[in-house]
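Undergrad: Mind having a look at this structure? Questions to follow.
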Amino acid sequence: MLEYFPGSTLIHRLDVRPKVVAFCILTVFLFFFVDPFYNLLFACFATFLMRYIRIPTERVFKLLKPILPIMVIIVFMSGFTYPAGSFENQWANKVMFYGWLGQKLPFVMGGMMFGITLMLRIYSMVLITSVLTFTTPLDQFIQLMRKLRFPQPLTFVIVTSIRFIPTMQKKVDQVFAAQRARGAKFSQNNIFAQIYNYLPVMVPLIVDSLRMSEQLAISMLNRGYGASAHWTALKEMKMKRIDYWAMVAFGCCFAVLVYLRWNGYGSL
Amino acid sequence: MQDQPAVKVEQLTYTYDKAQAPSLDQIQLEIRRGSFIAVMGETGAGKTSLLMTLNGLIPQFLEGEFHGEVTIAGYSTQQVPVQNLIQEIGLVLQDPDTQIFGLTVWEDAAFGPSNLGVPLDEIHRRVDTALERVGLAHFHERSTEFLSGGEKQRLAVAGVLAIGPSILALDEPTSELDPEGKDAIFEIVDSLKHEHGMTIILAEHESERVLAHADAVVVLQEGKIVWRGEPQMLFADEESVRRFQLRPPGIATLFWEFRKQGIGLGDACPRTVQEMAARLLANEQKEQGRAVDREGHEPFLAAAQFDAAAVGERRDEAPILSINNLTHTYHNGHQALKGIDLDVYAGDYIAIIGQNGAGKSTLCKHFNRLLTPTGGSILFQGESIAGKDTADLARHIGYVFQNPDHQIFSASVLEEVMYGLRIQGFSESEQKEKALEVLAFVGLDAYSERHPFSLGKGLRQRLAVATILALEPQILIIDEPTTGQDWRGTQSMLELIGKLHERGHTIILITHNMQIVTEHAKRVLIMGQGRILKDCKPWHAFEDPAILKAANIKPTQLVQLESELAAMSGFVPQPGGERALVKAIVKGMGRDA
Amino acid sequence: MNVNQKMPSVKKGFWTPRRVARLAIVIALSAVGGFIKIPSPTGTVALDSAPGFFAAVAFGPIDGAIVGGVGHLFTAATTGFPMGLPLHLFVALQQAVWAILFWLVARKVNLWVGVIAAVICNGVIAPALFIPIGGVGLFLSLLLPLTVGSAINIIISAIAYKIVKKSNMV
Ligand SMILES: Nc1ncnc2c1ncn2[C@@H]1O[C@H](COP(=O)(O)OP(=O)(O)OP(=O)(O)O)[C@@H](O)[C@H]1O
Ligand SMILES: Nc1ncnc2c1ncn2[C@@H]1O[C@H](COP(=O)(O)OP(=O)(O)OP(=O)(O)O)[C@@H](O)[C@H]1O
Ligand SMILES: [Mg+2]
Ligand SMILES: [Mg+2]
């Protein structure tokens, strides 16, 4: 499900816990700082991390391509959205041009800057998310849920549904094949026709899922699901020394950034 | 506790929550430790329900009206929770897919013991043993997603064994496997019984294997036990086997036939082909010197069925479907077809056989372009189908899939059939008229207003055929229509297919059932590893041992008996069914005398 | 073997084995639904949220919320979290809320009123909630595709519910 790129960089070797902590800290600061300059720094940092874990460049482009148009729209629309005078700094209130005749629809510098911040935020979030998921095997996230004391059944639901994704994918293929073989067509542009076209896929899938889930419940009981509150964990995660050091380092960064923001850096 | 019976069922009557009639009716049963009991009976007889009462799933999980008493190794299933009973009795169900929880083989086998809080090093030990017992010793780190059907089924057994039960109950564990896979499961079950002293309770439609392996059989019908005893006695009695709707094993039909010809081979049916051959030879020696009917010496090979002439004749007409050097490689790089050449003629009745994963379904999905060839060409009536849409080909080439539930979605049987016609642009009245006609043809007219999901599996399969048939395709591809069906269901499906063939449809049938091959099909394709290994008349299908081995095929018991006899006494194999074989053997005895 | 454990341990509490199994399978369905791409005038629509809405009307609000939320995270994960994890967590939370809302209106008022309410929430209110994160630009670029997409998903789930309900399976 999640793509994992094996590697031996420091980030790969870190435990999932310090990585998630770092991820949270970065996310919080992305929202704290409004000045695009600071967000540019974050974005550069995220880009650096991405290069550091040695992901092929094409992979990164593939990731960013779908959100590119959205990012452009965000910057553009943001310039029109905020009226001049709504910013603390003088330069930010400058009108760059008007979008309509007779000085209507002002495009404001600060708005554009804010739009760039928004764009950089999304860009950075996408990248740091990828750094996290590309360097951490799925299994570690599951262990993390256990450590975070998610309700045990919920963890089980998530693990089992991951296991069932390929099975359901096969079902979907089979249902499509069966419906196409009896002449069903799936290529119209009318929305209402589309709803009608896809019912023959969705209904058998749901019905089959219900049948399977009854079987699955029986199999779970056959294997002692829920027999004892003291089930045995098959794997244990251990924090190494490097993980503790990483935690300390992240803590320091956090403190420094909080200090900076407190003193007014990074606002518009 | 050792002296207690493994299973004791007393006056058990059980009715499902919303059902009117009881699914289990006054069951009285006692199973000794270390024995191998087979539970047989037609669809809906109550086999699964009976197995589910044994570990307490009924009534603890599936509620309903429960009377009587079930004790497992002395523990009452009404007092001990399921999760504890499973340490005495493990239950393996039919579909391995819903029984696998782990992402890797090891994780899956460890699921049971970890639920029970077994210490980790003990889990390692138990899982190792369990995997070894089912022949998956070096599969620990393999991903469960990519196991074959047979391996999945074995893993399902291992997962239950790792919990450490002394009784193992299995519900039709082999129905989707090829003959070799079926044998593998039965061998595992046998070794669990003999080498590890486990008690085995197995629900099965596979009469031949039950006859060969089980110590005793319990036959259910409408929730009642109607027969119990040794399998060789059950199958010796033609009348009971027919009455209970069991599939007669090949050797049993022979045994009955000999008896009708006045040749007694004892009271009990032989359990294996070897035993049958040995008895025949012993009988022959006994009968030596006695006058045997020698009338009718004409060579049997000239029999009418063997129309060698027709084979040459057929090649002159243009094929309806012509496949040239077809290859297919899936996205994951697996080459499933490696150069297929095949001509299908109008009026053919082809059975495609071969091991799981041979490429049978992959091949047929090309005929209506559910799959696009990665190489080669396909001509339908002389015209390439490349670039055509599956939906348009559906009017010419119908494909019925194995699982009818993958296509049923309407709220009534009639609407379900009308759906395909509507897409093809028929008017409302035409849709209805045609749909009713097709429903009458397949024998579902009485159900036209019923909700499809409320029909039994066999009827749903029929409905699936009807939905395809409504479009009146010249070619009908039917993918494993008899899997998991009982004798009656299998017979009526084959009857329907035979009727369609008579009406002029060209039939292509994919199957693991060798009886269909010899008794119904007119032409056989044996596939193995993405190639057609053999394309022949049914009675030549089993001649080449190398091909059979390559395709994991086991000949029918009649054919096996012939080769057994051939090896033992120089008997010449004969084409035809059991009657012909018996006649030939009788004659052969005469010749030898 | 511990014989003295309390008997009906199979049906206790919220997390019955039946519910756990059902959730797992329907979430997996929702994850693969993300791969079913319907061409529409506003771009392709994935059938990823239909199972969540179905679970809400058919099984109840908590089930619907779990399937909707986790299901969204799964579909997002299979495409590599295209908007970044924090945003997808936020969407997952929304999906859970919409599922509960859908259940409430569909069950207490009327199925089709529920459909309309859910489409408005998922198609209009949901993108509006993104304004603080992505400004008006993000809102406008999401408005139409989300409205069309959620309408298709929710209507399909509602019709499927009607059909399946007739068969007494839920
Ligand atoms: N969950 C259920 N609710 C109501 N009735 C049921 C349920 N499961 C089975 N039945 C009914 O109980 C009877 C016995 O079913 P059971 O599944 O035990 O048969 P079986 O012998 O295992 O059949 P098959 O060969 O098809 O597996 C059938 O009439 C069936 O319709
Ligand atoms: N969608 C797919 N992607 C990749 N490999 C596939 C796919 N479908 C089938 N295969 C592989 O192609 C091979 C042929 O599969 P196919 O389904 O045609 O076999 P089959 O002869 O019909 O087997 P069975 O008797 O089990 O139905 C198998 O090894 C299978 O694992
Ligand atoms: Mg059964
Ligand atoms: Mg197949």
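Undergrad: Which one, C:Ala65, C:Ala46, C:Ala96, has the greatest fluctuation when you compute a Gaussian network model over chain C with C-alpha springs under 10 angstrom?
TA: Looking only at C:Ala65, C:Ala46, C:Ala96, the largest GNM fluctuation is found for C:Ala46.
Undergrad: Right, next: Averaged across orientations, what area in nm² does the convex hull of the alpha carbons in segment C:34-86 project? Working shown, then result.
TA: Values: hull surface 16.9 nm².
Orientation-averaged projected area of the Cα hull: 4.2 nm².
Undergrad: Shape verdict for segment C:17-166, please, from the Cα gyration tensor: rounded (a/c under 1.5), prolate (a/b greater than b/c) or oblate.
TA: Values: a/c = 1.57, a/b = 1.31, b/c = 1.20.
It comes out prolate by the Cα gyration axes.
Undergrad: So for the pair B:Gln79, B:Glu317, with labels modelled 7 Å out along Cα→Cβ, what separation do we get in nm?
TA: 7.3 nm
Undergrad: Can I ask one more? For the pair B:His124/A:Leu41, report the inter-label distance in nm, with labels modelled 7 Å from Cα in the Cβ direction.
TA: 4.9 nm
Undergrad: Rounded, prolate or oblate, given the Cα gyration tensor of chain B, with a/c below 1.5 counting as rounded? Can you show the working numbers first?
TA: Numbers: a/c = 1.56, a/b = 1.17, b/c = 1.33.
Verdict is oblate for chain B.
Undergrad: Share of segment B:7-237's accessible area from carbon and sulfur, percent, 1.4 Å? Please report the intermediate quantities before stating the final value.
TA: Numbers: 3530 of 7800 Å².
Percent of accessible area from carbon and sulfur atoms in segment B:7-237: 45.
Undergrad: How much accessible area is lost when chains A and B come together, counting both sides, with a 1.4 Å probe, in Å² rounded to the nearest 100? Could you put the intermediate results ahead of the total?
TA: Working: alone 17820 and 26250 Å², together 39220 Å².
Approximately 4900 Å², summed over both chains.
Undergrad: To the nearest 100 Å², how much accessible surface do chains B and C hide from each other in total, with a 1.4 Å probe? Mind dumping the intermediate values first?
TA: Values: alone 26250 and 9550 Å², together 34260 Å².
Heavy-atom accessible area buried at this interface is about 1500 Å².
Undergrad: Would you mind finding the longest exposed-site-free stretch of chain C, with exposed chymotrypsin sites (Phe, Trp or Tyr not before Pro) meaning DSSP loop and at most 16 other Cβ atoms within 10 Å?
TA: Values: sites that count: C:Phe14, C:Trp15.
My reading of the result: C:16-170 is the longest stretch.
Undergrad: In whole percent, how big is the carbon plus sulfur part of the accessible area of segment C:17-166, probe 1.4 Å, protein atoms only?
TA: Details: 3620 of 4730 Å².
Carbon and sulfur together cover 77 percent of it.
Undergrad: Please work out the FRET efficiency for the pair A:Asn190 and C:Ile120, using the Cβ-Cβ distance as r and a Förster radius of 25 Å; give the result to the nearest 0.05.
TA: Numbers: r = 22 Å, r/R0 = 0.89.
With a Förster radius of 25 Å, E is 0.65.
Undergrad: Ordered by residue, what ³J(HN,Hα) values in Hz, to whole numbers, does segment B:366-379 give under the Karplus form 6.51 cos²θ - 1.76 cosθ + 1.60, where θ = phi - 60° and Gly and Pro are x?
TA: Computed from phi, the couplings for segment B:366-379 are 6, 5, 10, 6, 5, 10, 9, x, 8, x, x, 9, 10, 10 Hz.
Undergrad: Using helices alone, I'd like the mean residue ellipticity at 222 nm for chain B: each DSSP H run of four-plus residues gives -39500 (n - 2.57), total over residue count, nearest 500. Write out the running numbers ahead of the final one.
TA: On the way: 23 runs with 229 residues, N = 593.
Rounded to the nearest 500, it is -11500 deg cm²/dmol.
Undergrad: Classify chain A: rounded, prolate or oblate, from the alpha-carbon gyration tensor (a ≥ b ≥ c, eigenvalue square roots; a/c under 1.5 rounded; otherwise prolate if a/b is larger than b/c)?
TA: Details: a/c = 2.61, a/b = 1.31, b/c = 1.99.
Oblate is the answer for chain A, as a/c is 1.5 or above yet b/c matches or exceeds a/b.
Undergrad: Let me ask something additional. For n ≥ 4 DSSP H runs only, could you compute -39500 (n - 2.57) per run for chain C, divide by its residues and tell me the 222 nm figure to the nearest 500?
TA: Values: 6 runs with 115 residues, N = 170.
Here the helix-only value at 222 nm equals -23000 deg cm²/dmol.
Undergrad: Please give the length that would be gained between A:Ser267 and A:Trp245 if that part of the chain were fully extended, namely 0.36 nm times their separation in residues minus their C-alpha to C-alpha distance (nm, one decimal).
TA: Details: separation 22, 0.36 × 22 = 7.92 nm, distance 3.14 nm.
Length difference between fully extended and current span is 4.8 nm.
Undergrad: Here's another thing I want to ask about it. I need the trypsin sites (Lys or Arg not before Pro) found in segment B:1-100, filtered to DSSP loop residues with at most 11 other beta carbons within 10 Å of theirs.
TA: Values: sites: B:Lys8, B:Lys18, B:Arg32, B:Arg33, B:Lys47; in loops: B:Lys18, B:Arg32, B:Arg33.
Hits after loop and neighbour filter: B:Lys18.
Undergrad: To continue, here is another question. Just in segment A:115-194: which trypsin sites (Lys or Arg not before Pro) are loop by DSSP and have at most 15 other Cβ atoms within 10 Å? Present the calculation step by step, with values, prior to reporting the outcome.
TA: Numbers: sites: A:Arg121, A:Arg146, A:Lys147, A:Arg149, A:Arg163, A:Lys170, A:Lys171, A:Arg180, A:Arg182, A:Lys185; in loops: A:Arg149, A:Arg182, A:Lys185.
Within segment A:115-194, the qualifying trypsin sites (Lys or Arg not before Pro) (loop, at most 15 other Cβ atoms within 10 Å) are A:Arg149, A:Lys185.
Undergrad: What 222 nm value per residue comes from the helices of chain A, counting each DSSP H run with n ≥ 4 as -39,500 (n - 2.57) and dividing by all residues, nearest 500 deg cm²/dmol? Mind showing how you got there, number by number?
TA: Working: 10 runs with 181 residues, N = 268.
Taken over chain A, the calculation gives -23000 deg cm²/dmol.
Undergrad: Another question about this same structure. Determine the dipole magnitude for segment B:403-525: charges of +1 sit on the beta-carbon of Lys and Arg, -1 on that of Asp and Glu, nothing else is charged, the reference point is the Cα centre, and the result goes in debye to the nearest 20.
TA: Working: 12 positive and 16 negative charges, 51 e Å.
Here segment B:403-525 has a charge dipole of around 240 debye.
Undergrad: Label B:Ala21 and B:Lys499 with points 7 Å out from Cα along Cα→Cβ: what is the distance between them in nm?
TA: 2.4 nm
Undergrad: Treating cross-link reach as a plain straight distance, find the lysines whose alpha-carbon is under 25 Å from the alpha-carbon of B:Lys549, omitting any fewer than eight places away in the same chain.
TA: B:Lys152, B:Lys182, B:Lys338, B:Lys360, B:Lys522, B:Lys534, B:Lys537
Undergrad: Here's a follow-up. Once you have the Kirkwood Rh of the protein assembly as shown from its Cα pairs, apply Stokes-Einstein at 10 °C and 1.306 mPa s and quote D in µm²/s. All intermediate terms of the calculation are to be shown ahead of the outcome.
TA: Values: Rh = 32.1 Å.
Estimated diffusion coefficient is 49 µm²/s.
Undergrad: Hey, what angle do you get for helix A:68-81 against the long axis of chain A, alpha-carbon based, 0 to 90 degrees rounded to 10?
TA: Taking Cα atoms only, the helix is inclined about 40 degrees.
Undergrad: Rounded to the nearest 0.05, what FRET efficiency is calculated for A:Leu154 and A:Tyr4 with R0 set to 35 Å and r the Cβ-Cβ distance? Each step should come with its number before you reach the end.
TA: Values: r = 23 Å, r/R0 = 0.65.
Working from the Cβ atoms, E equals 0.95.
Undergrad: Can you list the chymotrypsin sites (Phe, Trp or Tyr not before Pro) in segment B:447-517 that are in a DSSP coil and have 12 or fewer other beta carbons within 10 angstrom?
TA: On the way: sites: B:Tyr447, B:Phe453, B:Trp487; in loops: none.
For chymotrypsin sites (Phe, Trp or Tyr not before Pro) across segment B:447-517 that sit outside H, G, I, E and B with at most 12 neighbouring Cβ atoms in 10 Å, the list is empty.
Undergrad: Using the alpha-carbon atoms, what tilt in degrees (0 to 90, nearest 10) does helix A:36-52 show relative to the longest principal axis of chain A?
TA: 40 degrees
Undergrad: For the protein assembly as shown, what is the accessible area per residue in Å², given a 1.4 Å probe and the full set of protein chains? Before the final figure, lay out each step's value.
TA: Numbers: 42250 Å² over 1031 residues.
That works out to 41 Å² for each residue.
Undergrad: Treating the beta-carbon of each Lys and Arg as +1 and of each Asp and Glu as -1, no other charges, what is the dipole magnitude of chain B about its Cα centre, to the nearest 20 debye?
TA: Working: 55 positive and 80 negative charges, 157 e Å.
About 760 debye.
Undergrad: Shifting gears a bit: Using protein chains only (no ligands, no nucleic acids) and a 1.4 Å probe, work out which residues of segment B:391-408 have their accessible area cut by at least 40 Å² relative to the chain alone.
TA: Buried-area filter returns B:Ala391, B:Phe401, B:Asp405, B:His406, B:Gln407.
Undergrad: By a straight-distance test (C-alpha under 12 Å), which aspartates and glutamates pair with A:Lys240 as possible cross-link partners, with residues fewer than eight away in the same chain excluded?
TA: Straight-line reach from A:Lys240, under 12 Å: A:Asp15.
Undergrad: Shifting gears a bit: Using a 1.4 Å probe and counting only protein heavy atoms, how much accessible surface gets buried when A and C come together, both sides summed, in Å² to the nearest 100?
TA: Values: alone 17820 and 9550 Å², together 22150 Å².
Approximately 5200 Å², summed over both chains.
Undergrad: What is the distance in Å between the Cα centres of segment B:1-61 and segment B:206-283?
TA: Cα centres, segment B:1-61 to segment B:206-283: 24 Å.
The values are calculated or read from the model by the stated rules, or taken from the named source; none is laboratory data. Keep in mind it's a predicted model, so treat the numbers as computed, not measured. For neighbour counting, all protein chains shown are included, and Cβ atoms are generated from backbone atoms with ideal geometry for every residue, glycine included. Each accessible area value is taken on the protein alone, full model and side chains, heavy atoms only, with ligands, DNA and RNA left out. Shrake-Rupley method; radii C 1.70, N 1.55, O 1.52, S 1.80 Å.
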